[in-house]
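A short write-up of the structure that comes next.
The values are calculated or read from the model by the stated rules, or taken from the named source; none is laboratory data. The structure presented is a predicted model; accordingly, all values stated were derived computationally and were not measured. Backbone-built Cβ (ideal geometry, glycine too); neighbour counts: all protein chains shown.
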Amino acid sequence: MNENTVYSDAPNDIGEMLQNGKRIDDFLPPPDQLVKRVPKVKVTIALNQKSVEFFKRAAKKNKVKYQTMINELLDKYAEKYSDTMDTTDSSEEGTTKTHQKHKP
């Protein structure tokens, strides 16, 4: 397998580009920072059987936990619609009330 490969579609100055190119610093995070460490809250929730079966099948196919898939879906939904929620502080009660700005 000592064949020379000829790249006919490569730019003419590819050799010069590779030789004079600049080295960039490693911008990837270390492995321990690739996993998000987000606090979790355990909840009990009743879901439709068809939905749970769907997530279990999809999770098995993708080799992940179905709870993780549901969590990701909820996170993305909350992220997308979080700007439609207005939180105002109620000084009388000392609690935060949440009001929906837009009705679907």
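Just a few scattered comments:
- Single residue of the stretch 11-53 satisfying the filter (of a type in the set (Val, Ile, Thr) and within 29 Å of Asp75 (Cα to Cα)) that is modelled with the lowest pLDDT: Val35
- Top-ranked residue in the stretch 45-89 [being part of a helix (DSSP H, G or I) and β-branched (Val, Ile, Thr); ranked as nearest to Val35 (Cα to Cα)]: Thr68
- Lone unmet requirement of (1) surrounded by 10 or more Cβ atoms within 10 Å (Cβ to Cβ); (2) under 30 Å from Thr68 (Cα atoms); (3) among the small types (Gly, Ala, Ser) for Gly15: (2)
- Total residues in the stretch 62-79, condition of a type in the set (Ser, Thr, Tyr) and either surrounded by 12 or more Cβ atoms within 10 Å (Cβ to Cβ) or in contact with an Asp or Glu (Cβ under 9 Å, 6 or more places away or on another chain) (or both): 2
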